[in-house]
Every structure is written in C-alpha cells, then in structure tokens.
Amino acid sequence: MSEVCRVAAERRGNVAILSTDGYINNQGGEEIARQAYAQLESGASALVLNLEKTRIVNSIGISILIEVLEKVMDRKGQLAFCGLTPTIDKTFRIMGLAQYAAIYPTEAEAIRAVATA
Amino acid sequence: MSLDANGAREISLTIPVAPDMEIVATAQAAAVGEFIEMPRDKIDEVKLALVEACINAFEHAQARDDLLHLIFRVGRENAREFLEVEVLDRGKGFDQASVELPSPEKTFSGRQKRGWGLQIMRSLMDTVAITSGEGGTRILMRKYK
Amino acid sequence: MTDFAPAAASRLAGLWKALEEPLRGVDRPLPARLAQAAVSWTGARRGALYLRERDLWVRAAVAGDGAEELELPDFSSSRAASREDTLWIPLAAEGEVHGHLGLEGLSAEEGAELAPFLGLFLGSLLGAHRFSRQVKEADFEVRTRLVELESLYDLGLSLGGQLDVSSLADEVLFRSISLTDAGKGTLALFHEDGRLLLERSLGGQLLPPEGFASWQLPEGDAVINNAAASVPTAGVRLASCAKCLAVPISVAGRRLGVLAVADKESRDGRVLDFTPADARLLSLFANQAAAAIETARLHRAAIEQERIERELELAAAIQREILPRSLPEVTGVELAAASLPTRQVGGDYYDLFPLSRGRLGFLVADVSGKGVPAALLVSTVHAAVHLQIDEAKTVAELVARIDRHLRRYAATRKFLTMFFGLFEPDSGLLTYVSAGHNPALLLRGSGQTETLGATGVPVGMFPGSSWREVRVTLSPGDLLCVYTDGLTEAVNEQEEEFGLERLSAVVAGGREKPVRELCDRILEKVADFAREMPQYDDQTLLLLRRSEPPVDPHAG
C-alpha cells in the first residue's frame with residue numbers, strides 16, 4: 001500500500017538534479033535529503049529538485065526539504081524547484097520556501113537559473 | 001435511480017492510525033471529488049489538506065482505539081456544490097489557542113519545523129472548523145467546486 | 001642419621017659440588033644434567049636415567065660412552081639390584097618412584113653405600129621437578145579452559161542479543177570455526193518435520209552427496225573423524241570431510257540441526273587432529289547456539305502472531321464502522337439484517353438505500369481476503385455504491401460502475417461477490433444482479449423455495465465485465481433471504497457444512513414469523529450446528545418480506 005517516493009539523481013557538472021516519483025512524506029523527505037547531501041559532499045554546488053511526478057507531499061516532508069535548503073544555503077549553494085503542481089507550489093509558498101529557493105516551471109529553466117547564478 | 005430527498009449522500013471511511021493510511025483517505029477524497037466533477041487542482045488541494053488533517057491526528061491524537069473516522073459529504077449551498085470532509089479521532093485532543101502558529105522565519109531559524117498542518121488546511125480549504133477536547137478532535141473542512 | 005660420619009659429609013659436599021653447576025644451569029634438560037652429575041660424582045663408567053612417561057619407563061638421559069647400551073631391566077620390586085655390573089637405583093621420594101638410575105662400573109660396596117642416598121636425593125629432585133611440570137601443565141590447562149569459558153560467555157552474550165535466525169546461524173558458524181581452529185565448517189538447521197530450514201558453509205561445504213536428509217548423528221554425541229579419507233563414522237556420512245568434527249545442535253531433547261567443522265590447523269599451518277577437548281568445547285557452544293536459535297525462532301513466531309492478531313482486530317473495527325447502524329423504514333417492506341464477524345475478520349458488507357418513489361435498494365457483498373486490506377476495500381465499495389447509485393439508470397449499470405470505480409480507486413486487486421437488489425413494494429417487482437454471489441432464497445407463500453443464482457462474475461475480477469439483470473415478482477408474504485457463504489459454509493466438528501438445504505429448511509420453517517425473529521433464529525441454528533467450532537468467515541444475512549396489504553378496517 002506504500003506510495004513512498006523514489007528519487008533519481010543526475011549530475012551535470014556542479015549541478016545535481018534530483019527527480020522524485022511519488023508521495024513525499026517523512027520517509028520520502030529523508031531519501032531526498034540523503035541523496036542531496038551525498039551530492040553536496042561530492043562537490044555539487046547547485047541542486048535542482050524536480051517534483052514533476054509527485055502530486056502529494058506532507059508538511060513533514062516539506063520541513064525536511066527546508067533542512068536541505070538550509071544546508072545548501074550554509075554552503076553558499078543554490079537550490080531550485082521545478083515541476084510543482086499548483087497545489088504543491090501554493091503549499092511551498094505558505095511554508096516560506098519560495099523566499100529562499102526559486103521555483104521554476106521546467107527543469108531546463110531551473111538548471112539554467114542555478115548554473116548561471 | 002436517485003436518492004430519496006432525505007437520503008444523505010455520505011460516505012464513511014475508517015482507517016487505522018498507521019503510516020500511509022492517509023493515502024487511502026486521499027483516494028476516497030479523489031473519488032468523491034471526481035464524482036462531483038471538481039477541477040483537478042481543487043481536488044489536489046482537498047487531498048493535501050486531508051493529508052495534514054490525518055497526520056495531525058496520527059501524531060497528536062494518540063487515539064485510544066487506533067482508528068480514525070472520516071465522513072465525506074457532497075452538498076449544495078446557494079447553488080454551489082461542495083465537498084466536505086469530517087475527520088474524527090477519539091484521542092486526547094489539543095488546545096488550539098496554545099498552538100504556536102508557525103512562520104517561515106521561525107522555521108528557518110530552526111525553532112519550529114512542525115505545526116504547519118493547521119495553516120495548510122486553512123489555506124487550502126474554503127472553511128475549516130476544529131473542535132477539540134477531552135474526548136477527541138473533530139476537523140470539518142469544506143471546499144466548493 | 002647416626003650413620004652420618006664426617007666421611008659422608010665430605011661425600012655430600014662433593015655431590016653438592018658435582019650437582020651445583022648442572023642444577024643452576026638451564027642449558028640442558030634437568031634429567032640430562034642429573035645423569036651427568038651422578039656419573040661424574042660416583043666415578044661410574046657410564047649411566048642412564050629412566051623417567052616415567054605416563055605408564056612407561058623411558059630413557060630420558062645418558063652419560064658416558066656407549067651408555068645407550070644400558071637398558072632398564074624389568075623389576076618387580078623397587079629395591080636396588082645389581083645385574084652384572086650395572087647398579088640400578090630407584091629414585092623415589094614420598095612413596096613414589098620417579099625414575100631409575102643405572103650406573104655401570106661401581107663395586108657392590110660402593111653401590112650399597114651410594115644407592116639409598118642417591119635414590120632419595122635424586123628422587124626428591126625429580127619429584128619436585130615433575131610436580132612443577134605438572135603444575136605448569138595444569139595451570140596452562142586451567143588458563144586455556146578459562147579463555148575458552150570466557151569466549152563461550154562472550155559468544156553467549158553476542159548470540160543472546162540476536163533474534164534473527166539467519167544472522168545467528170552465520171555468527172555461530174564463524175565462531176565455531178575460530179573456536180576450534182578449523183579451516184571450514186557447515187551448519188544446518190532443520191524444521192520439525194526434518195526438512196532443511198537453512199544451511200550455511202564457510203570455506204567449503206561438508207555435505208554428504210545425498211544431501212542433508214542423510215545426516216544422522218547418534219543421540220547427544222559428538223563425532224570425530226580424523227581419518228584422512230572420508231569414512232562413514234557412526235552414522236555420520238560427511239563426504240569431502242576428512243578430519244572433521246560434528247556435533248548435534250539440540251535443545252530440550254529436540255534436534256535442531258548439525259554443526260560440523262573440518263581441517264583443524266596449528267598456527268604454523270600443520271594439519272592437526274580434532275581432540276576430545278575440541279569436541280567438548282564445540283558441544284558446549286552448540287548448546288548455547290541451540291538456545292539462542294530457539295529463542296530467535298519463538299520470538300519471531302510470537303511477533304508474527306501478534307501482528308496478525310492486531311491486523312484482524314483493526315480490520316474488524318473498520319468493518320463495524322461501515323455497516324448500517326439501523327435499517328430504513330420502507331412502506332410495504334419488512335426488513336431484518338445482521339452480520340456476525342467471526343474471529344475478527346472483516347470482509348462482509350451489507351447496505352440499504354431508500355430511493356425515490358418508495359423504492360428500496362439493497363446489497364450484500366463478500367470481499368475476498370482478510371485483514372485490513374479487505375476491510376478497506378469494503379470502504380471503497382461503500383463509497384462506490386453511494387456515489388454511483390444516483391448515476392446509474394439500471395441495476396446492471398450500477399454494478400458495472402462499481403466495478404470501474406474499484407479498478408480506479410482501490411489500492412488492492414481483490415474481488416468481491418455481490419447481490420444487489422432493487423425492490424418496488426407497490427408492484428412487488430424485484431430487479432437483481434448477482435455478481436458471483438451464492439444463491440439467494442426466495443420463499444413463496446405457497447411454501448415453495450426458489451433459488452436466485454449468479455448472473456455474472458464477481459466484481460473486480462475481469463475488466464470490462466457486464467452483468468445480467470433478472471426480474472422476479474414478489475407476492476405479499478413472499479420472503480427473500482440473501483446471505484454470505486460464511487453461513488452455509490459454517491462447519492461443525494464432523495467437518496459437515498451447514499449447507500443450503502438446512503438454511504432453506506429453517507427459512508421455510510419460519511414463514512409465519514416476523515423477519516426480525518426469523519433472522520435471529522437462523523443465526524441461532526447456525527450457531528447450534530457449529531457448536532464451539534471456530535469459524536473463519538463472517539456470517540451475514542438480509543431478509544426482505546413484501547408485506548401483506550393492510551387490512552382495510554372499513555371493508556366488508
């Protein structure tokens with residue numbers, strides 16, 4: 001019965017792209033965090049989180065994403081989201097993620113934005 | 001076939017307090033929402049709000065019988081159709097007044113990462129009414145089509 | 001002591017001198033030093049010293065040319081005796097003879113003078129020497145035992161925490177091999193019926209070609225086979241296992257498995273034989289392992305049992321919530337319904353829907369499977385019916401819509417049987433669909449019973465299914481009985497089923513009774529039939545009777 005999300009990682013230079021597939025709850029959030037930190041450790045300075053295949057998140061998952069964002073900020077890196085459904089976009093904004101991380105409609109735009117920053 | 005005028009269009013669902021059971025609830029919400037042809041984005045909002053209501057109950061309620069009771073209703077008010085969800089738990093309840101509302105500043109300074117559930121529910125649903133006491137908590141949320 | 005003359009004193013000083021240096025030195029073993037000193041002090045031509053090695057007298061040292069020729073004669077007493085010109089002196093102290101000293105080239109008088117003295121003096125030295133050696137060996141033995149016991153204790157601790165049989169087996173095997181300095185090992189555990197549960201090997205597999213079925217160990221014993229070729233030993237056939245040691249793993253008399261190790265090696269790589277001490281040690285360890293394994297197994301079984309019980313309880317609770325709390329009041333219809341969950345299962349569902357124009361919809365459903373998933377599927381069915389009942393124009397269409405709804409929204413791929421009826425009390429018309437459901441009973445006023453069979457496959461079984469609708473007309477007083485197979489398949493101790501005939505009989509017998517009473521009576525009859533036998537399926541029953549028209553008080 002579990003719909004917990006899978007996370008795929010791709011690296012292009014110093015940009016790491018993590019794509020999620022499924023429900024981001026606390027377990028999903030932790031998986032994203034684990035992979036994000038691994039990417040940061042191996043030299044990535046920018047993260048793009050593509051949530052195209054995710055339609056449901058919960059506030060605990062989001063709070064873990066906030067932690068990831070904080071870590072990225074600590075290292076003076078960049079984090080951008082893309083592929084958000086209108087509802088997830090709205091929810092992120094409610095929780096203040098938009099203040100510190102940029103949200104883009106497509107992966108290409110997100111990568112472009114963090115690569116040049 | 002159509003229901004008698006007195007027939008309530010109510011759908012009950014009881015789920016165990018267990019990980020990912022909130023997904024069963026959202027599936028039910030989707031079924032009802034699609035039935036009244038609510039736009040997809042609005043259904044998503046109902047689902048996210050419902051997820052928050054459920055995990056709120058899971059975490060705070062410590063439900064005595066380990067079950068969460070939901071009732072889905074469709075109705076009409078002033079010619080506007082709505083979908084309503086009632087989430088009931090028989091846990092220990094909480095005092096709404098004492099819930100410190102979260103804010104982005106607080107979240108980012110590391111002081112409060114939880115407590116977003118109520119905020120999200122209120123932002124995504126049109127009306128939210130919460131009653132909580134010794135016998136449990138009842139969250140009643142409604143979204144118009 | 002009165003014999004102690006100054007001459008003897010100077011002899012003693014001389015002996016002391018002769019022995020001092022050898023005694024202090026450690027360049028040669030003590031027996032060699034004693035033999036040399038004795039020969040040089042006594043002036044004998046040559047000498048030999050025999051010491052006891054277990055039960056044999058072994059020549060431990062010689063001094064002087066050709067001393068190897070000196071052979072210890074066979075004595076039946078321990079008195080010094082002269083054979084030819086060799087004087088044999090028993091070296092004894094505290095009543096025990098520790099050695100024999102042979103000296104050649106002494107006169108009988110010299111011999112008589114020297115013998116008691118040398119015998120006692122050297123005997124004491126040898127006795128002390130032997131004793132100190134024994135102490136050292138015993139000490140070493142004790143220390144080794146202590147180390148072994150400590151490691152057993154540590155092993156016991158490390159095993160005790162382990163509750164996973166598989167990793168426990170790995171641990172046991174690994175420890176067994178290192179404990180006995182073996183090079184390879186195999187551990188096998190069996191089910192109670194003798195089937196193999198698991199097998200682990202390190203360094204090579206010690207298996208008979210026929211497989212584990214032929215492992216037989218004599219009750220409670222360890223078996224050592226130090227032969228170079230694999231030899232069937234006392235019932236253990238461990239092929240490709242020469243030089244091996246096998247012990248049974250038993251707890252409370254029950255054989256859990258076998259532990260075998262092979263190829264014992266010394267630190268410098270020589271192959272050694274397994275000793276009885278190894279067997280003892282491994283047996284002790286196997287006992288500990290057995291206890292740990294048994295604990296792990298019981299623990300896992302208990303946890304599993306608990307989990308199953310909990311899930312069934314939850315399922316039943318979920319199920320209870322969804323059943324109607326009361327039956328609707330519909331003019332022209334008498335209704336009764338009940339659902340008995342048995343052993344906490346949740347899979348049956350019934351519901352009633354008052355519809356427009358005085359009509360009544362009703363259904364009885366039986367979901368396959370048990371536990372929470374089945375109970376949740378019932379919730380989905382409930383949702384489906386409540387949503388779709390308004391949209392569907394016919395009963396057949398409703399069932400098809402329910403089928404599609406389940407496909408779209410149900411988390412699990414289960415199916416269910418269902419009887420859905422639409423009853424119009426005014427006309428007595430009953431339109432029904434039976435999706436693979438057991439035959440419903442229609443009891444006519446005449447006393448005849450008809451069965452209403454399936455009109456299609458179960459819901460959720462095949463995509464794109466469709467169902468046939470059937471119409472029957474109920475006359476006033478006719479009674480419809482819809483039920484789930486938990487009722488007709490209820491078993492008694494003789495494993496007989498309650499069956500459709502008995503149900504028909506009970507229903508027919510209650511023709512005149514109010515439906516409420518008849519409903520209770522049916523359930524009672526089933527309970528009586530089954531007696532105390534636990535049942536494994538919910539029992540659900542729905543009774544519908546078309547009422548007799550009310551008697552017109554103004555007629556006639």
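The values are calculated or read from the model by the stated rules, or taken from the named source; none is laboratory data. Please read these numbers as outputs of a predicted model, since none were measured by experiment. Cβ coordinates were reconstructed from backbone atoms using ideal geometry, including for glycine residues, and neighbour counts include every protein chain displayed.
Residues that are at the interface with another protein chain (Cβ under 8 Å from one of its Cβ atoms) and at pLDDT below 90: list the helices (runs of 4 or more DSSP H) wholly contained in the stretch B:1-117 that include at least 3 such residues.
Once the helices (runs of 4 or more DSSP H) in the stretch B:1-117 are filtered for at least 3 residues that are at the interface with another protein chain (Cβ under 8 Å from one of its Cβ atoms) and at pLDDT below 90, what remains is B:21-35, B:104-108.
Between C:Leu122, C:Leu91, C:Leu118, C:Leu114, the distinction of being touching a Leu at 6+ places or on another chain (Cβ under 6 Å), outside the structural domain of C:Leu168 (by TED's automatic domain parsing) and part of a helix (DSSP H, G or I) belongs to C:Leu122 only. Of the residues C:Arg404, C:Arg413, the single one that is surrounded by fewer than 23 Cβ atoms within 10 Å (Cβ to Cβ), at pLDDT below 95 and part of a helix (DSSP H, G or I) is C:Arg404. Among the residues of the stretch C:169-187, those identified as in contact with a Ser or Thr (Cβ under 9 Å, 6 or more places away or on another chain), in contact (Cβ under 8 Å) with a residue 60 or more places away in the chain and of a type outside the set (S, T, N, Q) are C:Leu173, C:Arg175, C:Leu179, C:Asp181, C:Ala182, C:Lys184, C:Gly185, C:Leu187.
Any idea which residue in the stretch C:348-363 is farthest from C:Ala338 (Cα to Cα), counting only those that are at the interface with another protein chain (Cβ under 9 Å from one of its Cβ atoms), without any contact (Cβ under 8 Å) to a residue 40 or more places away in the chain and in a strand (DSSP E or B)? Only one residue tops the list, namely C:Pro354.
Okay, residues lined up against (1) more than 21 Å from B:Ala49 (Cβ to Cβ); (2) in a helix (DSSP H, G or I); (3) touching a Cys at 6+ places or on another chain (Cβ under 7 Å):
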| site | (1), (2), (3) |
| --- | --- |
| A:Val7 | yes, no, no |
| A:Arg11 | yes, no, no |
| A:Ala16 | yes, no, no |
| A:Ser19 | yes, no, no |
| A:Gln35 | yes, yes, no |
| A:Ala38 | yes, yes, no |
| A:Leu47 | yes, no, no |
| A:Arg55 | no, no, no |
| A:Val68 | yes, yes, no |
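Could you check, for the stretch C:466-483, whether at least one of its residues is away from chain B (no Cβ under 11 Å), over 30 Å from C:Pro549 (Cα atoms) and under 50 Å from the mean Cα position of the chain (by Cα)? Looking for residues that are away from chain B (no Cβ under 11 Å), over 30 Å from C:Pro549 (Cα atoms) and under 50 Å from the mean Cα position of the chain (by Cα), one finds none in the stretch C:466-483, hence no.
Determine, yes or no, whether C:Asp366 is among the acidic types (Asp, Glu), part of a strand (DSSP E or B) and within 13 Å of chain B (Cβ to nearest Cβ). No: the conditions fail for C:Asp366.
Quick one: how many residues across the stretch C:505-538 are farther than 21 Å from C:Pro476 by Cβ, over 37 Å from the mean Cα position of the chain (by Cα) and not β-branched (Val, Ile, Thr)?
Residues in the stretch C:505-538 being farther than 21 Å from C:Pro476 by Cβ, over 37 Å from the mean Cα position of the chain (by Cα) and not β-branched (Val, Ile, Thr): 9 in total.
Among the candidates C:Leu452, C:Leu442, the residue that is out of contact with any Pro (no Cβ under 7 Å at 6 or more places or on another chain) and either modelled with pLDDT of 95 or more or of a type in the set (Lys, Arg) (or both) is uniquely C:Leu442.
Among residues of the stretch C:244-292 being buried (at least 23 other Cβ atoms within 10 Å of the Cβ) and β-branched (Val, Ile, Thr), the one that is nearest to C:Glu199 (Cα to Cα) is C:Val258.
Conditions tested, residue by residue: (1) more than 29 Å from B:Pro16 (Cα to Cα); (2) buried (at least 19 other Cβ atoms within 10 Å of the Cβ).
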{"site": "A:Cys5", "(1), (2)": "no, yes"}
{"site": "A:Glu10", "(1), (2)": "yes, no"}
{"site": "A:Tyr23", "(1), (2)": "no, yes"}
{"site": "A:Glu30", "(1), (2)": "no, no"}
{"site": "A:Ser59", "(1), (2)": "no, yes"}
{"site": "A:Val68", "(1), (2)": "yes, yes"}
{"site": "A:Lys71", "(1), (2)": "yes, no"}
{"site": "A:Arg75", "(1), (2)": "yes, no"}
{"site": "A:Gln99", "(1), (2)": "yes, no"}
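C:Leu327 passes every criterion in (1) more than 10 Å from chain B (Cβ to nearest Cβ); (2) touching a residue at least 60 places away in the same chain (Cβ under 8 Å); (3) under 30 Å from C:Glu548 (Cα atoms) apart from (2). Filtered by the rule that a residue be among the β-branched types (Val, Ile, Thr) and either assigned to a helix (DSSP H, G or I) or more than 8 Å from every other protein chain (Cβ to nearest Cβ) (or both), the stretch A:70-99 gives A:Val72, A:Thr87, A:Ile88, A:Thr91, A:Ile94. Of the candidates C:Ala383, C:Ala374, C:Ala302, the single residue that is in a helix (DSSP H, G or I), modelled with pLDDT of 85 or more and either within 30 Å of C:His191 (Cα to Cα) or more than 12 Å from every other protein chain (Cβ to nearest Cβ) (or both) is C:Ala302.
In this structure, is C:Glu265 among the acidic types (Asp, Glu), farther than 29 Å from C:Asp193 by Cβ and in contact with a Leu (Cβ under 7 Å, 6 or more places away or on another chain)? The answer is yes for C:Glu265. Any chance the stretch C:527-539 includes a residue that's within 18 Å of C:Glu450 (Cα to Cα) and in the same structural domain as C:Gln448 (by TED's automatic domain parsing)? Looking through the stretch C:527-539, none of the residues is within 18 Å of C:Glu450 (Cα to Cα) and in the same structural domain as C:Gln448 (by TED's automatic domain parsing).
When you check C:Ala317 against the structure, is it among the hydrophobic types (A, V, I, L, M, F, W, C), away from chain B (no Cβ under 11 Å) and surrounded by fewer than 24 Cβ atoms within 10 Å (Cβ to Cβ), yes or no? Taking the combined requirement at face value, the residue does not satisfy it. For the stretch C:101-155, filtering for residues that are within 30 Å of C:Asn287 (Cα to Cα) and touching a Lys or Arg at 6+ places or on another chain (Cβ under 6 Å) leaves 1. Of the set (1) in contact (Cβ under 8 Å) with a residue 60 or more places away in the chain; (2) of a type in the set (Gly, Ala, Ser); (3) over 18 Å from A:Ser45 (Cβ atoms), all apply to A:Ala110 but (3). Scanning the stretch A:100-112 for residues that are within 30 Å of B:Lys42 (Cβ to Cβ) and not in a strand (DSSP E or B), we see that the one that is farthest from the other protein chains (Cβ to nearest Cβ) is A:Ala108.
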